[in-house]
1. Please give the charge dipole size of the range 37-177, origin at the Cα centre, charges +1 on K and R Cβ atoms and -1 on D and E Cβ atoms. Round to the nearest 20 debye.
2. Could you put Ser33, Ser162, Ser193 in order of accessible surface area, largest first, with the 1.4 Å probe and the full protein assembly present?
3. Counting DSSP beta bridges with both partners in the range 71-189, what percentage is antiparallel, nearest 5?
4. Kindly rank 85-92, 482-489 from highest to lowest mean number of other beta carbons found within 10 Å of each residue.
5. Could you tell me which of rounded, prolate or oblate describes the range 75-181, using a ≥ b ≥ c as the square roots of the eigenvalues of the alpha-carbon gyration tensor, with rounded for a/c under 1.5 and, failing that, prolate when a/b is larger than b/c and oblate otherwise?
6. How do the peptides 205-211, 42-48 rank, highest first, by the average count of neighbouring beta carbon atoms within 10 Å per residue?
7. Determine the relative contact order of the chain: mean sequence separation of Cα pairs under 8 Å and six or more apart, normalised by residue count, in whole percent.
8. Give me the percent relative contact order of the range 372-517, please, defined on Cα pairs under 8 angstrom at least 6 residues apart.
Amino acid sequence: MTSWTAWADSQPQLPAAARSVLAERLGPLTPSSAVALTDATVPEPRLPAHVVQRLAQVAGEDAVTVDHESRARHAGGQAYVDIARRRRGDAAASPDAVVTPADAAAVSAVLQVCAEERVAVVPWGGGTSVVGGLDAERADLVAIVALDLSRLDALLVVDPVSRLATFQPGIRTPAAEDALATHGFTLGHVPQSFERASLGGYVVTRSAGQSSTGVGRIDDLVAGLRMATPTGELVLAPVAGSAAGPDLRRLVLGSEGTLGVVTEVTLRVRPVPAERHYEGWVVPDWETGLTVVRALIQDGPHPDIARLSDPDETEVSMLMSSAGRLTRSALSGYLRLRGVSNGCLLITGYEGSARDVRHRRDVVRAQLRSAGAVSLGTRAGRSWEHARFAAPALRDTLFDSGVLAETLETAATWTSLPAVYAAVREALQSSLGRVVVGCHISHLYPTGASLYFTVLAAADADDPDAQWLSAKTAANDAIVSAGGTITHHHGVGTAHRGHVQPDLGGDVGVRALRALKRELDPVGIMNPGKLLPDPR
Ligand SMILES: Cc1cc2nc3c(=O)[nH]c(=O)nc-3n(C[C@H](O)[C@H](O)[C@H](O)COP(=O)(O)OP(=O)(O)OC[C@H]3O[C@@H](n4cnc5c(N)ncnc54)[C@H](O)[C@@H]3O)c2cc1C
């Protein structure tokens, strides 16, 4: 059983150099510790006994739990404020019950009961939402149920001819990849939350993985799906391509549990690549880096992974890299020798046949060299690969040390990207004072790229939530005014609902979405308070 507050069973140590630089840059830090789950304050459940009974009748006795521990384990996701709340033993955000149905029919039946009894339903995939997508908001309903989809965890069908695979929604990525590998296929969707997140969660939040520059985001992989709604089932069979009206798959993508529960999804898969090759580079500066990666994605060929860090993130990556794989002093010495003093780390990765990898790599290497980039070789690539899932556990170590550590993301066209970058950094700096703001771009499109910010500051021991929420609001305001999207891949949840209107097409778009919700969910039980600007 995983910890209530920590991401992993064991936490890495912070390298000594990192400790001293953080203290120097952030000021005094107040270490903190996490309250055990057994000592957490969990409110009494509000779900009436007869509703518990009805849910047990349709989903099975063992599928409905109202004990403190199960409920507290479903109190929110993995945003900084969720974790800060849990660390101080506050489980006020617990749902009133957790229902764990075994199949799609039971999901539909649970929705039926909840609609009749006016009970809110929060679908629960892997629990990794970082935007409040799992917040237990009751609106004017009687109680809240977390609908945990972890028992719907099978690979149902593989169609090797069309290269399609149909899954239940609660399957986690490692299990999905293991099952696919026995057929010689892979999804290639690798977000940093890979170990915990579910395929259904990816679909409804429009997730993007680390190889999205090559594989595409989850949006590009969805061929068909089924969604249970309070008023019936939406069945969209897998298609090769179609002009049959608006593509309703696209309405389910990004719906974040507000319209119904995805109970099955058919995804495009690809053969397991014969070769995977990752390497590191240092480009002379951020502007040069942006120009060179834009040229790669616009004119091709391009790597499947291209992750360009700004100078601050480059410095933090070096500091945090343990075991001296890429120690700061060794690297700066090497770079000085090569005439690069304040460079930006660039990771490039290729996945495919040996011939394809060799061809793309040769062309890209030549372009990077002519832009003045210095190769750090495959060792730096391996170091990145080795550490690609390490950040969440490191974050827990930082929390223990008294550091506020959080991320936020956006995307912008190449034209407005520099302005969005500058505006977000400035907003965070003025809100938090002494702060380290690092940034990388890692999802490239011919038209623009994502910007992913990592923020480190001394945590306000008295009110960490207020400290972060005001910085986050400032960053959201800056993103919208500078022309970025409020979210490139984390989704809307509650964290972005106040800023999402322009992305949804303004008032007309919001009204259209509301009308759709009223039609599929007339009582408003599906994940209240998420996605739409005005709660419900
Ligand atoms: C450390 C960390 C790293 C991350 N890295 C990435 C990254 O690289 N790329 C990325 O895109 N995201 C990332 N995320 C965010 C998160 O992992 C994604 O949003 C992911 O898609 C959520 O999947 P999940 O299964 O955990 O969904 P949950 O968190 O359980 O749910 C997310 C939302 O979807 C709804 N939902 C879940 N399943 C269903 C379903 N079957 N039907 C209807 N509604 C449903 C929930 O109600 C909720 O609103 C990261 C998060 C963490 C904590």
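The values are calculated or read from the model by the stated rules, or taken from the named source; none is laboratory data. This structure is a prediction, so every number in the text was calculated from the model and none was measured. Note that we place each Cβ from the backbone using ideal geometry, even for glycine, and neighbour counts take in every protein chain shown. To get the accessible areas, we keep the full protein, side chains included, count just its heavy atoms, and leave off ligands, DNA and RNA. Shrake-Rupley method; radii C 1.70, N 1.55, O 1.52, S 1.80 Å.
1. I would put it at about 300 debye.
2. The most accessible residue leads, giving Ser33, Ser162, Ser193.
3. On the way: 4 of 13 bridges.
Bridges in the range 71-189 are about 30 percent antiparallel.
4. Put in order of decreasing packing, that is 482-489, 85-92.
5. Numbers: a/c = 3.09, a/b = 1.47, b/c = 2.10.
It comes out oblate by the Cα gyration axes.
6. Numbers: 205-211: 24.3, 42-48: 15.4.
Result, highest mean Cβ count within 10 Å first: 205-211, 42-48.
7. In percent, rounded to a whole number, it is 18.
8. On the way: 173 pairs, mean separation 37.4, N = 146.
Relative contact order here is 26 percent.
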